[in-house]
Amino acid sequence: MLYDVIIVGGSYAGISAGLQLARARRKVLVIDAGQRRNRFARHSHGFLGQDGQNPGQIAEEAKAQLLAYPTVHWLDQSAVEAAQQGEGFSLATADGQRFTGLRLILATGVVDELPDIPGLHQRWGERVFHCPYCHGYELNGGPIGVLAAAPIAIHHALMLPDWGPTTFFLNGVFEPDAEQLANLQRRGVTLEREPVVAIDGQADVTLASGRVIALAGLFTQPRTRMASPLPAQLGCEFEPGPMGDFIKVDALRETSVRGVFACGDAAVAAGNVAIAVGDGARTGGAAHHSLIFR
């Protein structure tokens, strides 16, 4: 079967894109490897109508709603190869199947690479986070830490006092300049220059001297990389983001490769369910328009 659009990635952005196309009665295939970026979190926040819900449940309900449309097919597989083929694209999956589509939407996401500190990975999504809007409120105004992993940590450190008293662990990664120090002081941020050696308990930071600072939660800045090889295989251009490259798209969410669109965390330098859903909706509509108007 020749699909109108193949969507690689069946998380929030991919499902949202598919819904627009399904409602236009287009033939859609979603190929999904089942690795949501927020699978480590128990609750999702800041998404209108779903605040506080389990993120897996949100995704499952969205998938069921999408599959209620008869023109949509879903494949639980990893897409491992993509290439232009005539006026469209050919995709191969890890189990050897091949599919063709007139348009391609990459909702392939990113992989987070966390600082290598004992105890941090185990608390990712539970007491260690990257998005204050997603998880800051639930810390109930308790003490918050910011673990510097890149210079953009200053942004975290200046934001988080709105959610609780904040300690900024520089950890040898970053040293604020005079203006930044003044801004941190104005925001009431405590600076800690002693190296961090472990995270224990709820979110307790152990320093090199053995001193322990108990926290309600800790925020850091993971490096990100593409979760899929497909954008590079297709020759898509990338743009540098604050923590890693993301796929370059135009105002209509089309990549540098004509007929290939991208949405969600792979194409937006922000990790948030609401943003991913909105971006997917825009992208699905743009891909549909491209089938009609050119």
Note on segment 121-153: residues over 20 Å from Val273 (Cα atoms) and surrounded by 21 or more Cβ atoms within 10 Å (Cβ to Cβ) are Ile144, Gly145, Val146, Leu147, Ala148, Ala149, Ala153
If I ask for residues that are charged (D, E, K, R) and closer than 15 Å to Asp200 by Cα, which ones from segment 121-146 would you list? Arg123, Glu126, Arg127
Would you check if there is a residue in segment 246-268 being more than 22 Å from Pro55 (Cβ to Cβ) and under 13 Å from the mean Cα position of the chain (by Cα)? yes
If you go through segment 216-224 one residue at a time, do you hit one that is modelled with pLDDT of 95 or more, among the aliphatic types (A, V, I, L, M) and either crowded, with 19+ Cβ neighbours inside 10 Å or more than 30 Å from Ala94 (Cβ to Cβ) (or both)? yes
Looking at this structure, is Arg211 of a type in the set (D, E, K, R) and at positive phi? no
If you go through segment 278-286 one residue at a time, do you hit one that is more than 13 Å from the chain's Cα centre (by Cα), assigned to a helix (DSSP H, G or I) and either among the polar types (S, T, N, Q) or loosely packed, with under 13 Cβ neighbours inside 10 Å (or both)? yes
Search segment 245-256 for residues that are in the same structural domain as Gly271 (by TED's automatic domain parsing) and basic (Lys, Arg) and pair each with any residue that is surrounded by fewer than 16 Cβ atoms within 10 Å (Cβ to Cβ) and not in a loop (DSSP other than H, G, I, E, B) when their beta-carbon atoms are under 9 Å apart and the residues are at least 6 apart or on different chains. Lys248/Glu239
Scan segment 267-276 and give yes if some residue there is β-branched (Val, Ile, Thr), under 25 Å from Ser90 (Cβ atoms) and crowded, with 21+ Cβ neighbours inside 10 Å, otherwise no. no
Within segment 119-220, which strands (runs of 3 or more DSSP E) (wholly inside it) include 2 or more residues that are within 17 Å of Arg42 (Cβ to Cβ)? 217-219
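The values are calculated or read from the model by the stated rules, or taken from the named source; none is laboratory data. In this text the structure is predicted, and so the values were computed from the model without any measurement. Positions of Cβ are generated from backbone atoms using ideal geometry, with glycine treated the same way; all protein chains shown enter the neighbour counts.
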